[in-house]
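Structure, as C-alpha cells:
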Amino acid sequence: DMISFALFLLKRYPEVRQQWSKRFRYIMVDETQDNNHRQWEMLKYLSEAHNNLFVVGDPDQSIYSFRGARPQMLVDFESMFSPCRTVILNRNYRSTPHILQAANDIIAHNRMRVKKDLYTNHADKGELIRAYNTSSEVQEAEYIAREIQNMIKEGRQPADFAVLFRLSASTRSI
C-alpha cells in the first residue's frame, strides 16, 4: 500500500512529484533486478528532476519473480533512463573458475540478460561440480549425510560444511 499510495500521489499531483523529485539529487538502488513494475515507475518519477539514478543489479540473479520482480526492466534500463552509462562488473573475487564456468554455461541460456562472461583470477580452479539426482527428499537427505560423513572420515571438520536451502521447509528431511 505504501508504494501504491506514493505512486498515486506522484501521478495525480505534479507539484508533489516535482517537490520529491527535486529533493533527491542522487538516488542509488541496489538489487534492482528484483524491483517490480511499480518500484521502477516510482524511480522514474523520483529521478525526473536531476536524472541522477544509479542502479546496481544483475538480471541473471533475479529470484523474486513470484512477487512481481521484473528483471527485464534492468535489461531495458538504457532505453528507459537515457542517457546513461552501463558498467559491467564481471570479475568475481569469491568463486573458483570451475564454478564460474558452470554459471556462464547455465546463464548463457537466460532470455532476459545483459551479455557478460564472469571470470576470476584465482589460480586454484577449485573442485569439479558434481550433480546428483534423487527421486525424493529423503534420498537427497541421505545422500548429503553420507557425503558429509565420508568427508569427515577423510579428515574434514564438521564446521567445514553448510547445507543451503531456498526454502526453510526443505530443511525438514535433513
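The values are calculated or read from the model by the stated rules, or taken from the named source; none is laboratory data. Keep in mind the model is a prediction, meaning the values are calculated, not measured. Note that we place each Cβ from the backbone using ideal geometry, even for glycine, and neighbour counts take in every protein chain shown. Ligands, DNA and RNA are excluded from the accessible area calculation, which covers all protein heavy atoms including side chains. Shrake-Rupley method; radii C 1.70, N 1.55, O 1.52, S 1.80 Å.
For Val114, the shell of other residues with beta-carbons less than 11 Å away shows a net charge of -1, using +1 for Lys and Arg and -1 for Asp and Glu. Summarising the amide proton neighbourhood of Phe54: residues at separation of 5 or more, or on other chains, whose placed amide H is nearer than 5 Å comprise Ile27, Met28, Val29. Remark: segment 154-166, residue by residue, has Karplus-estimated 3J(HN,Hα) of 7, x, 6, 9, x, 5, 7, 10, 9, 10, 9, 10, 7 Hz, where x stands for each Gly or Pro and the curve is 6.51 cos²θ - 1.76 cosθ + 1.60 at θ = phi - 60°.
With helices as the sole contributors, the chain gives -11500 deg cm²/dmol at 222 nm; each DSSP H run of n ≥ 4 counts as -39500 (n - 2.57), and the sum is divided by every residue. Each part gets one Cα centre, and for segment 141-171 versus segment 52-66 those centres are 31 Å apart. Solvent-accessible area per residue in the chain equals 76 Å², computed with a 1.4 angstrom probe and all protein chains kept.
Ignoring ligands, DNA and RNA, please state the percent of accessible area on the chain from carbon and sulfur, probe 1.4 Å. After summing per-atom areas, the C and S share lands at 52 percent.
Of the labelled figures (1) 0.95; (2) 1.14; (3) 1.10, only one reflects Rg/Rh (Cα atoms, Kirkwood Rh) as derived from the coordinates, namely (3). Under 5 Å from the amide H of Asn36 lie the amide H atoms of Arg70, each residue being 5 or more positions distant or on a separate chain, with H modelled from the backbone and absent for Pro and chain starts. In terms of the Cα gyration tensor, with a ≥ b ≥ c the square roots of its eigenvalues, is segment 36-92 rounded because a/c is under 1.5, prolate because a/b exceeds b/c, or oblate? Judged from the Cα gyration tensor, segment 36-92 comes out oblate (a/c at least 1.5, b/c at or above a/b).
For a label point 7 angstrom out from the Cα of Asp160 toward its Cβ, which stretches of segment 104-133 have the backbone nitrogen within less than 17 Å? Once the point is set 7 Å along Cα→Cβ of Asp160, 125-130 turn out to lie under 17 Å by backbone N, inside segment 104-133. For segment 127-140, backbone phi angles converted through the Karplus equation (6.51, -1.76, 1.60; θ = phi - 60°) give residue-by-residue couplings of 6, 5, 7, 10, 10, 9, 9, 10, 9, 8, 5, 5, 4, 4 Hz, Gly and Pro being listed as x. Relative to the dominant Cα principal axis of the chain, helix 97-107 is inclined by about 50°.
Computed 3J(HN,Hα) for segment 22-28, one whole-Hz value per residue from the Karplus formula 6.51 cos²θ - 1.76 cosθ + 1.60 where θ = phi - 60°, is 5, 5, 9, 5, 10, 10, 10, glycine and proline marked x.
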